[in-house]
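The values are calculated or read from the model by the stated rules, or taken from the named source; none is laboratory data. Computed from a prediction, not measured in an experiment: that's the story for all the values here. No Cβ is skipped: glycine too gets one built from the backbone with ideal geometry, and neighbour counts run over all protein chains shown. Accessible surface is based on the protein model in full, side chains and every heavy atom, while ligands, DNA and RNA are left aside. Shrake-Rupley method; radii C 1.70, N 1.55, O 1.52, S 1.80 Å.
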Amino acid sequence: MAEPVVRIPDAKVALSTASVYPESTATAFEIAARLGYDGVEVMVWTDPVSQDIEALRRLSDYHQIPILAVHAPCLLITQRVWSTDPWVKLQRAKAAAEKLDASTVVVHPPFRWQRNYARDFVAGIWRMAEETDVRFAVENMYPWRYRDREMLAYAPDWDVTKDDYRHFTVDLSHTATARTDAMDMIGRMGDRLGHVHLADGKGSAKDEHLVPGRGTQPCAELLERLATTGFDGHVVIEVNTRRAMSSAEREADLAEALAFTRLHLASAVRVPRS
C-alpha cells in the first residue's frame, strides 16, 4: 500500500524588501536572515541602497542571504529612479540582476499614459528576455477604482494573461483588488508562471497586501498547487506592515507569513513503496 510522504518543491521563499517599509532595505536583509528566509527580492525605489548594486552585494554577503529577484522601479513614486526612460530602467534592472546573481526581474505593465512604451512593451520584453538568462516576469495588476468608477490605468492590460509573455508573476493582493479569480488566472498562466508575490486581500479598492491567511484569496490552495506541480520559481512574501506598532510586531507578521508559506508548500502525496 502506498505511504504518504511530504514533497516540497524546489521553490525558494524570499522576503520582498518592500515588506519592511517604512524601515530600510538594509533592515529587510537583517530580518530575512534572522527569520530563515531563503533570500530577498529587492524592490528598487527611493531608498538609495536599493538602487546601489555594490551596497546590495555587501548586504547580501554580510547577512549570507542571496538576492533572488530584482523588482524594477515601476511605481508612481519611482518614475525618476534610475531614469525617466522606462526601457533604461529595465536595462538597469537586468544588469543589476545579472551582477547580483538574481534569476528574475519583476516588471509591471506600463501605465496607459506611457503610450510609446506601452505600444512596444510586449515585443520589447521578448527582445530583452532573449538577451539574458534572467527571467522577465510580468506582473498582473488591477483596475483603479474610485467610488463607482473604474479606470483602466495599465496597457496593454492589467490582466497580463491577455498578452504573450515568456514569464508571469502572479500577485494575490492584486487579484483581490481586481476581484478576479486567482486560481483561474494561474491556470491561464500555466507553465509560464515563473514568480509569485504572496499576499492576501479582501477585495478592497486599495491594494492591501495582507499577511497570507488574513484575507479571502486562495493563498494556501495556490501554494499546494505549486507543491504538486514542481514549481521551480520563487515565492516572495510581499506584505504591507506599515501599520505595525513596533519592529517586533512587524517581525512577527513576517514570521507568520513565512510559516504559512512553508506549511502549505509542503504537500502530502502518496508514492509506491520501493
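Heavy-atom accessible surface of segment 203-250, averaged per residue, reaches 49 Å², computed with a 1.4 Å probe.
Could you order the peptides 42-48, 58-64, 14-20 from most to least packed, using the average number of other C-beta atoms within 10 Å per residue?
Details: 42-48: 21.1, 58-64: 14.7, 14-20: 27.0.
With the highest mean Cβ count within 10 Å placed first, the list reads 14-20, 42-48, 58-64.
The aspartates and glutamates whose alpha-carbon is closer than 12 Å to the alpha-carbon of K12, local same-chain residues fewer than 8 away aside, are D38, E41, D232.
I need the trypsin sites (Lys or Arg not before Pro) found in segment 127-216, filtered to DSSP loop residues with at most 10 other beta carbons within 10 Å of theirs.
Numbers: sites: R127, R135, R145, R147, R149, K162, R166, R179, R188, R192, K202, K206, R214; in loops: R147, R166, R179, K202, K206, R214.
Listed in order of number, the matching sites are R147.
When the accessible area of the chain is computed with all protein chains present and a 1.4 Å probe, what percentage of it is carbon and sulfur?
Details: 6410 of 12930 Å².
Reported share for carbon and sulfur atoms: 50 percent.
Between A255 and T46, the simple spin-label model (points 7 angstrom out along Cα→Cβ) gives 3.1 nm.
The candidate values were (1) 0.93; (2) 0.98; (3) 1.26; the one computed from these coordinates for Cα Rg over 2.2 N^0.38 Å carries the label (2). Solvent exposure of segment 1-130 amounts to 47 Å² per residue of accessible area, where only protein heavy atoms count and the probe is 1.4 Å. Most simply put, the chain has about 25% antiparallel DSSP beta bridges, counting only bridges with both residues inside it.
If I take every Cα pair under 8 Å that is 6 or more residues apart in the chain, average their sequence separation and divide by the length, what percent do I get for the relative contact order?
Details: 564 pairs, mean separation 61.5, N = 274.
Relative contact order here is 22 percent.
Straight Cα distances below 18 angstrom link K89 to the lysines K99, with same-chain residues fewer than 8 positions distant left out. Taking amide H as placed 1.01 Å from N in the peptide plane, the amide H of K12 sits under 5 Å from that of V235, each at least 5 places away or on another chain.
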